[in-house]
There are 2 protein chains.
Amino acid sequence: MTTYNVESANIKLEDLPDWNFENNGIEKKFEFKNFSQALGFIVQVGVLAEKANHHPELYNVYNKVNIRLTTHDADGVTDKDFNLATNIEKLF
Amino acid sequence: MTTYNVESANIKLEDLPDWNFENNGIEKKFEFKNFSQALGFIVQVGVLAEKANHHPELYNVYNKVNIRLTTHDADGVTDKDFNLATNIEKLF
């Protein structure tokens, strides 16, 4: 699998608002009205992740959810990460 | 709200296997068979948290879920945290 460096990743990230390349992963911080909405989002992301067999790192506290995507097998960011990020954005 | 220090917390933690006092919070690392089971656990914890109006910090990657409980208003560990941890343990 081809991995992206910061320059090539940033070109792909132009289509993914508020996603950033950090430490060989792509990350976004989401904020919701309340915990219930954050939990709903986590479940939706989980369903997408299972479908893709590609899973995020996820951090949640109350109404905030941070998602980090990286491809562990490839030791970097691959199209799997961009595809999942694109599908996550379609949830909104 | 009374907060617990490491000594008083450790007495309470005797009833909560694998929970540890760390940085003014109590934490446990859970491991599941797969992501689907981890996601199910996250949802169950979320429902308990909403009922209690007390929310964990939660970190998930694939089959692993780390839960950290602290009472932000009290700037430390309170009975709210021990009660939620006790209810989480009852899920198993």
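Taking every residue in the range A:4-22 that is at positive phi and pairing it with any residue that is crowded, with 16+ Cβ neighbours inside 10 Å and at pLDDT 95 or above, at least 6 positions away or on another chain, the pairs with Cβ-Cβ distances below 8 Å are A:ASP18/A:LYS28. Of all the listed residues (A:LEU58, A:LEU69), the sole one being surrounded by 21 or more Cβ atoms within 10 Å (Cβ to Cβ) and more than 7 Å from chain B (Cβ to nearest Cβ) is A:LEU69.
Here the range A:1-46 is the region considered, the condition is being of a type in the set (A, V, I, L, M) and within 18 Å of A:PHE92 (Cα to Cα), and the residue that is nearest to the other protein chains (Cβ to nearest Cβ) is A:LEU39. The single condition from (1) surrounded by fewer than 19 Cβ atoms within 10 Å (Cβ to Cβ); (2) touching a His at 6+ places or on another chain (Cβ under 9 Å); (3) closer than 21 Å to A:ASN63 by Cα that B:ASN83 fails is (3).
The values are calculated or read from the model by the stated rules, or taken from the named source; none is laboratory data. Owing to the predicted nature of the structure, the values given are computational and were not obtained by experimental measurement. Cβ: placed from backbone, ideal geometry, glycine included. Neighbour counts: every protein chain shown.
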